[in-house]
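The values are calculated or read from the model by the stated rules, or taken from the named source; none is laboratory data. Values in this document were obtained by computation on a predicted structure and should not be read as measured data. As a convention, Cβ positions derive from the backbone with ideal geometry for all residues, glycine included, and neighbour counts pool all protein chains shown. These accessible areas exclude ligands, DNA and RNA; they are computed on the full protein's heavy atoms, side chains included. Shrake-Rupley method; radii C 1.70, N 1.55, O 1.52, S 1.80 Å.
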Amino acid sequence: MTRYSFRSRIFITFLVLVLAFVALTVFLYGRRLDTQLRDETVKRARRNLELVSMLMDDRDKASTEESLDAWVTRVGSKLGFRITYMENGHVLADSNVPAAEVPDMEDHSTRPEVIEALDSGVGFSQRHSATLDKDLIYAAKKLPGGVLRLAVPMADVEARRAAMLSILWWSMPLAVLAALLIGLLLSRSLTRSISAFSAAARAIGEGRYGDRLRVYPGSEFKQLAEAVNRMASDIQTNIQKLQDEQGQRAALFDSLSEGVLIVDGSGKIRDWNPAFANMVPGETLRQGRTLLEVIMEPRLQNLVDEMSADPEYSGTRLLSFHYAERDLDVIVEPFRDNGGGRNTVIVLRDTTEVRRLESIRSDFVANVSHELRTPLTNIRGYAETLMDMEGLPENCGKFLAVILKNIGQMTLIVSDLLQLTRLEHDDGEVESTPIRVSPVLDEAFTTLEYAARDKELRIERDIAPEAELVLADRQGLETVFRNLLDNAIRYSPKGQAVQIRGMREGDTCVFEVRDFGPGIPRGHEKRIFERFYRAPEVGNAQRGGSGLGLALCQHSLRAHGGGIELVTPDDGPGALFRFTLRAADGEAAESGAKETSA
């Protein structure tokens, strides 16, 4: 199929319209010309008819018919018309018929123009004359003695019509040529404007957003050109913003110390940052490969597959493993791109150095604690020996009591540090057995009974029967209760209560230790489980402790498969610590608990 250019289509359309207009003009003008020429001929015939009628009135009365016929013939030849005079339909004279043949002419009383003239005084008709074998226009007028009739040949009208149409036909090609020239110029102007718009759109598509259309004052495309220029300017601004944002994201993405990997919905690798490339072997990282081909860790691959298989999955998953002589903490989270495709982002944090430093610190703490334990024991022994001696100065006993008190505190700190170190070195695992909670709680409270009595505190216990049996290490559970009770007693005002509650929630036992003291200051809630951290002094609370108690509780409970959290009470002041342990069920657990208690 032939494809014409826009300019050709405009030119052809304009040509068709011009030709159609010319044809319609000729057709309508021809019809109008016929009507005008006929009307003009009829008017001329009427005027000539009146003239002949006047001439007949003025002429000398002819005595015979021949003289009338001669007069009619002479006047008709002068005027160029056929003149006929008749009485009662009988022709007496005719300018175009020899006088000898006039008597033989047929009766004209039935002619339309004669009938109309007899009725209204003047009559007209256009028809073919059988006598002359021509098309004529007849005009008849009623006279006192008869009817005068003039006939104008249609050939005269046709000749005038042909002459005028000839002039029209000769002028039409010139008009068409002028119109086509105007159409050509107009199409060139439109084509030039449209080509400019096409070039501007092509430039925008190719990224040349700085190109602009020239706007001509008064141009038909002025508003459109301004709109295109404004659109190009807006696109240029938005693209610049997007490029700046993309550059910032790329710089941020590349400067991250964490390794970042993007995996699409089919499990293929899409993108990564330099930090990730440094964490994996050299030639394994390529676009289009699966995650397992790059990182040989089935748990990570299974986690990504699980997220990809569930379109409604949302949230973050954490994972830690050792890979390529590195300790890695991994964060996995799904997301959707602009097209709605589901992807997964994997963030790897290299914790090798952190774990190494933690190990060094833990070993240092363990060694120092172990080395301090023997001197502290010796100092305690010598101090107790001196206390038993007689004859010492009066103030020596007081000094020895202060020494023994501080030695006790230091011994407790060393014991807590050694226990923390042991939990970390054992990878957070303890041997859990069925344990009854109440005896362990009694044993933990024994060491704190004097401090509670001194502040006149009430210990309110409410351990549900179904929460009595838990899976735990007895010493670890006792440490948890002792540290939480120690904090509660230390920060409780005099005469208040310390509440201990236990309840069962499914396969978990939940315990709460609450005091009615000043509570934890706002902003310090997240740091209270850090080792050696102590919250600022509030009100009249007694400040003390080493800052290891809550950290030891957290590590011990994690080793038991539980956890601990700080909860802000809704019904008053104070602090509420809630921790969980696994419940121990069945007769075997009951018998195991009895043996442990025994």
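The numbered conditions (1) among the polar types (S, T, N, Q); (2) assigned to a helix (DSSP H, G or I); (3) at pLDDT 85 or above are all true for ASN343 except (2). Can you tell me which residues in the range 507-534 are aromatic (Phe, Trp, Tyr) and farther than 11 Å from LEU566 by Cβ? Result: PHE511, PHE516, PHE532, TYR533.
When the test is whether a residue is touching a residue at least 40 places away in the same chain (Cβ under 8 Å), open to solvent by 30 Å² or more (accessible area, probe 1.4 Å) and touching a helix residue (DSSP H, G or I) at 6+ places or on another chain (Cβ under 8 Å), ILE459 passes it. Applying the set (1) assigned to a loop (DSSP other than H, G, I, E, B); (2) closer than 27 Å to ILE413 by Cβ; (3) at pLDDT below 85; (4) not β-branched (Val, Ile, Thr) to GLY517 leaves exactly one unmet item: (3).
Filtering the range 312-324 for residues that are more than 24 Å from LYS268 (Cβ to Cβ) and touching a helix residue (DSSP H, G or I) at 6+ places or on another chain (Cβ under 7 Å) leaves an empty set.
One residue stands out among those in the range 304-316 that are assigned to a loop (DSSP other than H, G, I, E, B) and more than 19 Å from GLY259 (Cα to Cα): the one that is least open to solvent (accessible area, probe 1.4 Å), which is GLY315.
Looking only at the range 498-520, how many residues end up being within 29 Å of GLU449 (Cβ to Cβ), out of contact with any helix residue (DSSP H, G or I) (no Cβ under 6 Å at 6 or more places or on another chain) and surrounded by fewer than 16 Cβ atoms within 10 Å (Cβ to Cβ)? Looking only at that region, the number is 0.
For the range 65-89, the set of residues classified as closer than 14 Å to ALA140 by Cα and surrounded by 14 or more Cβ atoms within 10 Å (Cβ to Cβ) consists of PHE81, ARG82, ILE83, THR84, TYR85, MET86, GLY89, listed by residue number. ALA45 satisfies every condition listed in (1) loosely packed, with under 15 Cβ neighbours inside 10 Å; (2) modelled with pLDDT of 75 or more; (3) of a type in the set (Gly, Ala, Ser) except (1).
Note on the range 259-303: residues that are within 34 Å of the chain's Cα centre (by Cα), outside any helix (DSSP H, G or I) and without any contact (Cβ under 8 Å) to a residue 60 or more places away in the chain total 13. Take the residues in the range 430-452 that are surrounded by fewer than 17 Cβ atoms within 10 Å (Cβ to Cβ) and farther than 19 Å from GLY408 by Cβ; name whichever of them is modelled with the lowest pLDDT. By that ranking, first place goes to GLU431. Cβ-Cβ distances below 9 Å connect the following pairs, each with a first residue in the range 67-91 that is closer than 12 Å to ALA151 by Cα, a second residue that is of a type in the set (Asp, Glu) and modelled with pLDDT of 85 or more, and a separation of six or more residues or different chains: GLY76/ASP94; ARG82/ASP94; ILE83/ASP94; THR84/ASP94; TYR85/ASP94.
If only residues of the range 243-296 that are of a type in the set (Phe, Trp, Tyr) and at pLDDT 80 or above are counted, the one that is most open to solvent (accessible area, probe 1.4 Å) is TRP272. When restricted to residues that are open to solvent by 20 Å² or more (accessible area, probe 1.4 Å) and either among the aromatic types (Phe, Trp, Tyr) or within 34 Å of the chain's Cα centre (by Cα) (or both), the range 317-333 contains 6.
Yes/no matrix, rows are residues, columns are (1) in a loop (DSSP other than H, G, I, E, B); (2) farther than 30 Å from LEU300 by Cβ; (3) modelled with pLDDT of 75 or more; (4) of a type outside the set (Ser, Thr, Tyr):
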| residue | (1), (2), (3), (4) |
| --- | --- |
| GLY381 | no, yes, yes, yes |
| VAL414 | no, yes, no, yes |
| THR421 | no, yes, no, no |
| GLU424 | no, no, no, yes |
| GLY428 | yes, no, no, yes |
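Taking the range 553-598 as the range and being of a type in the set (Ser, Thr, Tyr) and either touching a Gly at 6+ places or on another chain (Cβ under 9 Å) or at pLDDT 85 or above (or both) as the test, the residues that pass are SER556, THR568, THR580. Beta carbons closer than 8 Å, at least 6 apart along the sequence or on distinct chains, pair a first residue in the range 521-543 that is more than 18 Å from SER492 (Cα to Cα) with a second that is at pLDDT 75 or above and of a type in the set (Gly, Ala, Ser) for PHE529/ALA551; GLU530/ALA551; ARG531/ALA551; PHE532/ALA551; TYR533/ALA551. All of (1) of a type outside the set (A, V, I, L, M); (2) without any contact (Cβ under 8 Å) to a residue 40 or more places away in the chain; (3) surrounded by fewer than 20 Cβ atoms within 10 Å (Cβ to Cβ); (4) closer than 19 Å to SER556 by Cα hold for ARG474 with one exception: (2).
Answer yes if at least one residue in the range 440-447 is part of a loop (DSSP other than H, G, I, E, B) and within 53 Å of the chain's Cα centre (by Cα), and no otherwise. No - not one qualifying residue is present in the range 440-447.
Just name the residue that is farthest from the chain's Cα centre (by Cα) out of those in the range 378-402 that are among the acidic types (Asp, Glu) and open to solvent by 100 Å² or more (accessible area, probe 1.4 Å).
The extreme case among them is GLU390.
Across the range 109-148, the qualifying residues are those that are in contact (Cβ under 8 Å) with a residue 40 or more places away in the chain and farther than 26 Å from THR35 by Cα, and the one among them that is surrounded by the most Cβ atoms within 10 Å (Cβ to Cβ) is VAL147.
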